[in-house]
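Here the structure is laid out as structure tokens; the discussion comes afterwards.
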């Protein structure tokens with residue numbers, strides 16, 4: 001009996017980008033059953049590919065940390081161990097879904113036929129020099145579609161149907177309260193933030209419907225903002241800091257998740273939560289939420305910021321849709 005064919009996916013960061021690559025695993029499981037799929041991911045985000053039953057092994061890296069202290073003994077040791085881990089395995093295909101110089105460097109450490117974007121398709125064209133086979137993928141489409149098309153081209157099949165995140169997520173064992181909504185107000189870019197006064201008005205209106213407001217956070221600054229937004233809102237909860245896997249469970253049990261353009265909102269969608277994305281400067285056609293097991297809506301974008309009434313109307317639409325049908329269970333990959 002021949003050994004299983006093996007594929008290594010390289011998609012290291014950021015959080016939303018890693019979520020956008022999950023449907024690739026579902027596509028390969030359907031079109032090329034029997035392939036073993038490993039995944040290289042930044043250590044902070046390894047929870048995410050681990051949620052997909054179709055991923056056999058997640059190999060952590062720490063490119064962000066190594067860049068800051070590549071000269072230190074600890075970093076040099078970690079880099080050497082990482083390279084040795086990759087070299088211990090032989091892959092049939094190594095697939096760079098990132099298209100960056102850092103992912104190309106990772107690819108060069110792995111053994112296998114190296115596939116990636118063409119010069120005109122990659123975010124950093126010099127990365128393409130590391131590839132054995134290059135595939136052209138149009139830019140003017142959603143990030144999920146680009147990932148799926150590149151993987152399909154590398155393995156010789158056509159992606160079929162809507163994207164399937166395929167994650168296996170259990171609802172939080174001890175949810176904060178039910179029913180509740182989750183508010184994802186934080187983002188790495190200040191121009192993507194939604195005004196605090198608008199958040200507070202939205203909370204006041206939705207808490208009047210009997211929803212408890214949950215405000216998770218990731219950094220001390222985000223915690224301060226969560227606590228500030230929760231002040232005076234009856235039943236609002238600022239939980240302890242949660243890892244991505246814990247957050248996925250929190251999202252899975254929520255009535256609705258409302259957030260700005262942030263990776264955690266895409267994780268909420270993958271976990272099966274009804275989701276509402278609030279865009280401002282960015283384009284939802286390229287990175288908007290795409291629901292699988294629950295409805296998802298995008299508001300604003302390309303310089304247009306939605307107001308409170310628009311957000312409230314959209315949130316009520318999602319809440320009504322959820323109330324009218326049973327919540328779907330996590331799908332099989």
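The values are calculated or read from the model by the stated rules, or taken from the named source; none is laboratory data. Computed from a prediction, not measured in an experiment: that's the story for all the values here. Note that each Cβ is placed from the backbone with ideal geometry, even for glycine, and that neighbours are counted across all protein chains shown.
A few comments on the model shown:
- The one condition from (1) within 22 Å of the chain's Cα centre (by Cα); (2) in a strand (DSSP E or B) that residue 148 does not meet is (2).
- The single condition among (1) touching a strand residue (DSSP E or B) at 6+ places or on another chain (Cβ under 8 Å); (2) more than 26 Å from residue 298 (Cβ to Cβ); (3) assigned to a loop (DSSP other than H, G, I, E, B) that residue 187 does not satisfy is (2).
- Test: residue in region 156-165 that is surrounded by fewer than 17 Cβ atoms within 10 Å (Cβ to Cβ), on the phi > 0 side of the Ramachandran plot and out of contact with any strand residue (DSSP E or B) (no Cβ under 7 Å at 6 or more places or on another chain): yes
- Candidates 38, 27, 92, filtered to the one that is touching a residue at least 12 places away in the same chain (Cβ under 8 Å), out of contact with any strand residue (DSSP E or B) (no Cβ under 6 Å at 6 or more places or on another chain) and outside any loop (DSSP other than H, G, I, E, B): 27
- Some residue of region 292-300 being assigned to a helix (DSSP H, G or I), under 14 Å from the mean Cα position of the chain (by Cα) and either in contact (Cβ under 8 Å) with a residue 24 or more places away in the chain or surrounded by fewer than 21 Cβ atoms within 10 Å (Cβ to Cβ) (or both): no
- Residue in region 53-76 that is surrounded by 24 or more Cβ atoms within 10 Å (Cβ to Cβ) and either within 15 Å of the chain's Cα centre (by Cα) or touching a residue at least 60 places away in the same chain (Cβ under 8 Å) (or both) present: no
- Condition met for residue 16 (touching a residue at least 40 places away in the same chain (Cβ under 8 Å) and within 23 Å of residue 186 (Cα to Cα)): yes
- Counting the residues of region 243-266 that are touching a helix residue (DSSP H, G or I) at 6+ places or on another chain (Cβ under 9 Å), outside any helix (DSSP H, G or I) and farther than 18 Å from residue 300 by Cβ gives 3.
- Lone qualifier among 112, 99 - being assigned to a loop (DSSP other than H, G, I, E, B) and not assigned by TED's automatic domain parsing to the domain that holds residue 252: 99
- Test: residue 132 is surrounded by fewer than 17 Cβ atoms within 10 Å (Cβ to Cβ), modelled with pLDDT of 95 or more and closer than 22 Å to residue 60 by Cα: no
- Here residue 229 does not fit the description of being part of a helix (DSSP H, G or I), at pLDDT 95 or above and under 20 Å from residue 50 (Cα atoms).
- Each residue in region 199-225 was checked for being over 18 Å from residue 268 (Cα atoms) and either outside any helix (DSSP H, G or I) or in contact with a strand residue (DSSP E or B) (Cβ under 9 Å, 6 or more places away or on another chain) (or both), and 9 of them qualify.
- Qualifying residue in region 151-174 (condition: in contact with a helix residue (DSSP H, G or I) (Cβ under 6 Å, 6 or more places away or on another chain), not in a loop (DSSP other than H, G, I, E, B) and not assigned by TED's automatic domain parsing to the domain that holds residue 242): yes
- Condition check for residue 286: outside any strand (DSSP E or B), more than 22 Å from residue 46 (Cβ to Cβ), at pLDDT below 95 and in the same structural domain as residue 185 (by TED's automatic domain parsing): yes
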